[in-house]
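J.: One structure is given below, represented as structure tokens, and several questions about it will come after.
The values are calculated or read from the model by the stated rules, or taken from the named source; none is laboratory data. Just so we're clear, the structure is a prediction, and the values are computed from it rather than from any experiment. Please note: Cβ atoms are built from the backbone with ideal geometry, for glycine as well, and neighbour counts cover all protein chains shown. Just the protein is used for accessible areas: all its heavy atoms, side chains included, with ligands, DNA and RNA removed. Shrake-Rupley method; radii C 1.70, N 1.55, O 1.52, S 1.80 Å.
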Amino acid sequence: MTTERLLLELKAVSKSFGQTEVLQRIDLAVRDGEFITILGPSGSGKTTILRMIGGFESPSSGEILLDGADISALPINKRPFNTVFQDYALFPHMTVAANVGYGLKVRGVKNAEIETRVGEALQLVALRDFAGRFPAQLSGGQRQRVALARAIICRPRLILLDEPLAALDVELRRQMQSFLKDIQREIKTTFLFVTHDQEEAIAMADRICVMNSGHIQQLGSAHEVYYRPASEFVARFFGDNNLVEGRLGPSSGDRRRIETPLGALVCAIDGQPHLAAAPEGAAAYAVFRPEALSLASTGSSEENRAHGLVTGLHFAGAHTLTSIRAGGHEPVNLRLRLPSKVEGVALRAGEAADLYWRPSECRLVLK
């Protein structure tokens, strides 16, 4: 469980390299003990945030606060943070134990204490039996765990992780995602994790900060970002959302209509007062996930319905992603995710399909 006490704050932080502004007045609050992921495409500014927090770069303007005190000008070695890099940054001529204990050694910690704490750190990352090996004798996942142990051993307030799993294969990445989350829960240290991988962010984060072009597009739990995107960018970036363009109609309670090529759709707007306040006729998108769509039965009275033809099927193991061209004069391409069946697919290319989805699973974002 995370606490509500703030550990770190970025207030109106901007960063420019020459004439290029890569971050524009970023405000970000990191809670003590949480696992927060900064997610975005290349060039979005996510790594620049991490580097400024770590002290590798200085903000062009704004403040970085630790426990309410400005640390923007504090040197790297004075910040109670450690960084785990994508390339591990291990010393190849040192053993695992020497690599892990290096930070304590340069701090002047006595050898007996270093030995004890190295053993504890290696036990935590399940590498105690590898203490005498060299980095070249380890797998990629083992080297990453050594880098994590080296970051943990100095007992930092915050651990910064710069796409540390990017070089690993798919299965090892999944294992390391679970491992990192378990370690974070055990040591109760704040983790700030940078990635461009949406599935990785969902699997690990207490909260996700979605970045694009130097701006924070949305900050919230994985569930909020996944099911309630706050902008067109988040809706397009975060998975296979269906986006249907239209014009806003009247609202009623926690719902609002939108006129689209598929007809009038009804979407939930609870918790999003700006959507209730937007004027009728404003351009917007109805957003709903492929798994929200279901095949409609005859006589179904669901409010959101569409009729179309199956144009493609993509088998993806437990699910089959189905492409459907729906609508009349202005057809819309929809994606439907259905459970795969041992005996075959539920739909075939060229077949007609009637679809429905609930208003609670349909969200609005302004264009």
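J.: I'm checking my understanding of the structure. Among residues of the range 222-251 that are within 20 Å of the chain's Cα centre (by Cα) and of a type in the set (D, E), which one is surrounded by the most Cβ atoms within 10 Å (Cβ to Cβ)?
T.: Across the range 222-251, the extreme among qualifying residues is E232.
J.: So, restricting to strands (runs of 3 or more DSSP E) that lie completely within the range 11-77, which ones have at least 1 residues that are in contact (Cβ under 8 Å) with a residue 24 or more places away in the chain and open to solvent by 20 Å² or more (accessible area, probe 1.4 Å)?
T.: In the range 11-77, the matching strands (runs of 3 or more DSSP E) lie at 20-31, 61-66.
J.: Which numbered condition trips up L265, out of (1) closer than 20 Å to S323 by Cβ; (2) assigned to a helix (DSSP H, G or I)?
T.: Condition not satisfied by L265: (2).
J.: May I pose another question? Determine whether Q144 is within 21 Å of T37 (Cβ to Cβ), surrounded by fewer than 18 Cβ atoms within 10 Å (Cβ to Cβ) and touching a residue at least 40 places away in the same chain (Cβ under 8 Å).
T.: So Q144 fails the test.
J.: Has the range 84-91 got any residue that is assigned to a loop (DSSP other than H, G, I, E, B) and without any contact (Cβ under 8 Å) to a residue 40 or more places away in the chain?
T.: No - not one qualifying residue is present in the range 84-91.
J.: To continue, here is another question. I'd like to verify a number: residues in the range 264-299 that are loosely packed, with under 15 Cβ neighbours inside 10 Å and out of contact with any strand residue (DSSP E or B) (no Cβ under 6 Å at 6 or more places or on another chain), how many?
T.: Summing the residues that are loosely packed, with under 15 Cβ neighbours inside 10 Å and out of contact with any strand residue (DSSP E or B) (no Cβ under 6 Å at 6 or more places or on another chain) in the range 264-299 gives 11.
J.: Take E186 and tell me if it is of a type in the set (D, E), open to solvent by 40 Å² or more (accessible area, probe 1.4 Å) and in contact with a helix residue (DSSP H, G or I) (Cβ under 8 Å, 6 or more places away or on another chain).
T.: When the stated conditions are applied, E186 passes them.
J.: Here is a follow-up. From the list E163, E200, pick out the single residue that is among the charged types (D, E, K, R) and open to solvent by less than 10 Å² (accessible area, probe 1.4 Å).
T.: Result: E200 is the single residue among E163, E200 that is among the charged types (D, E, K, R) and open to solvent by less than 10 Å² (accessible area, probe 1.4 Å).
J.: Another question, then. Filtering the range 315-336 down to residues that are open to solvent by less than 60 Å² (accessible area, probe 1.4 Å), part of a strand (DSSP E or B) and in contact with a Lys or Arg (Cβ under 9 Å, 6 or more places away or on another chain), which residue is farthest from N242 (Cα to Cα)?
T.: Among residues in the range 315-336 that are open to solvent by less than 60 Å² (accessible area, probe 1.4 Å), part of a strand (DSSP E or B) and in contact with a Lys or Arg (Cβ under 9 Å, 6 or more places away or on another chain), the one farthest from N242 (Cα to Cα) is T320.
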